[in-house]
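Inspection log for the structure reproduced underneath, given as structure tokens.
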Amino acid sequence: MTELRLNDTQRTALDALIAATRPLSAYDVLDALRATRPTAAPPTAYRALERLIGLGLAHRLESINAYVACCAEHTDASPLFAICDDCGLVDEVSDHDAVASLSASAGRSGFAPKKSVVELHGVCAGCQRGAA
């Protein structure tokens, strides 16, 4: 296995995502970068995030325009995300069968999917217990 080479900006962005208790916006990541690079501009954060996504180290949550560190093994399928609308918790799930089923459904109508983003919104178990 080859070691991933991240520059200081990418490492700082990844560390911010890993340490976060909720998904981060690109501007949240930019704030983390500015701790060591006060003149960092938005494109710097976006480039770092795109590199992390490209390496499979982070994901962009399309529905809330935010980013999370990758925390599941999913080499052959796109992950599913369960997003709590109350506390912001994001659970990353690798479910090859679910993604394959969605792709097969689309394929039956002649559609050839290239990328899937599955995000489920609801209330996590912890928030459900707290509301009871």
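Every test in (1) farther than 26 Å from HIS121 by Cβ; (2) touching a helix residue (DSSP H, G or I) at 6+ places or on another chain (Cβ under 9 Å); (3) free of Cβ contacts under 8 Å to residues at least 24 places away in the same chain; (4) assigned to a loop (DSSP other than H, G, I, E, B) is passed by ARG37 save one, and that test is (3). Flag: PHE81 matches the condition of being closer than 30 Å to THR12 by Cα and among the aromatic types (Phe, Trp, Tyr). Do the conditions hold for ARG11, that is, is it over 11 Å from the mean Cα position of the chain (by Cα), assigned to a helix (DSSP H, G or I) and within 26 Å of LYS114 (Cβ to Cβ)? Here the answer is no, as ARG11 does not meet what is asked. Listed here are the strands (runs of 3 or more DSSP E) enclosed by region 52-120 that have at least 1 residues being surrounded by 14 or more Cβ atoms within 10 Å (Cβ to Cβ) and either in contact (Cβ under 8 Å) with a residue 60 or more places away in the chain or among the β-branched types (Val, Ile, Thr) (or both): 66-69, 80-84, 90-93.
For GLY88, the criteria (1) of a type in the set (Gly, Ala, Ser); (2) at pLDDT below 95; (3) more than 30 Å from ALA131 (Cβ to Cβ) hold in every case but one, which is (3). Looking across region 19-63, the residues that are aliphatic (A, V, I, L, M) and under 11 Å from the mean Cα position of the chain (by Cα) come down to LEU24, LEU49, LEU52, ILE53, LEU57, ALA58, LEU61. Would you check if ASP28 is part of a helix (DSSP H, G or I) and either basic (Lys, Arg) or out of contact with any strand residue (DSSP E or B) (no Cβ under 6 Å at 6 or more places or on another chain) (or both)? When the stated conditions are applied, ASP28 passes them.
The values are calculated or read from the model by the stated rules, or taken from the named source; none is laboratory data. The shown structure was predicted, so the numbers you read here are calculated from the model rather than taken from an experiment. FYI the Cβ positions are ideal-geometry reconstructions off the backbone, even for glycines, and counts take in every protein chain you see.
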